[in-house]
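What follows is a short report on a single structure.
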Amino acid sequence: MSFPKRLAEFGTAFFSNRYIAQITREENPFLNISMIVLFLNYLINMSIFIFLLNQSFGLNDLLNDGIRSFLLVLFLLLAFDVIKLFFYWYTASVFKTEQETSVQVLNLMLNRAGLGLFLVLSNLIFAYSGISAQIVSILGVSTVALMFLYRLIKSIPDYHKQGSYPVHYFILYICTLEISPILILGKYFVTV
């Protein structure tokens, strides 16, 4: 299947949970070259965005070392996602919820892919336009937060299908496994 057609399918799946389930039944989308390219696009552009943010505002002296800083951020983002995916798949194998976890992981990967496509434009504007770095950074950080929130809201129906657990367990999950690592990393980059 061609890359543009696959990209259109992933775009539809980004908005439709039903289409995500259909994609996971038909094939393994995680090994698809389109998904790998989109995920690499996310990693590279998120690293560039964090590097440009640090360069504009001087958040962390450790990240002022040019290409080494970019590679460090790239490695940290990759390690964060790999560890997160490992725990997703590990818990799926323990609790025998592979199908549900596949849908959730594809939802995560599609969110990362969409964010990566947005960050391409954001990074170009950040680096080459005459627009204030503060405006572009606020827009970029707000979009990252909104994409994160969209993914969490979109995952609530899947959560309810898996069992009759109270909603406060879902909120506890969000706070401990989704938000706290980001807050810890953010605190590290601001204080170091």
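Calculated FRET efficiency, LEU124 to PHE86, Cβ-Cβ distance, R0 = 30 Å: about 0.35 to the nearest 0.05.
Using 0.36 nm times the number of residues separating LEU78 and GLN134, minus their current alpha carbon distance, what extension gain do you get?
17.5 nm
No lab work stands behind these numbers, since they all come straight from the coordinates. The model shown is predicted, which means the values in this text are computed figures rather than measured ones. Positions of Cβ are backbone-derived with ideal geometry, glycine not excepted, and every protein chain shown enters the neighbour counts.
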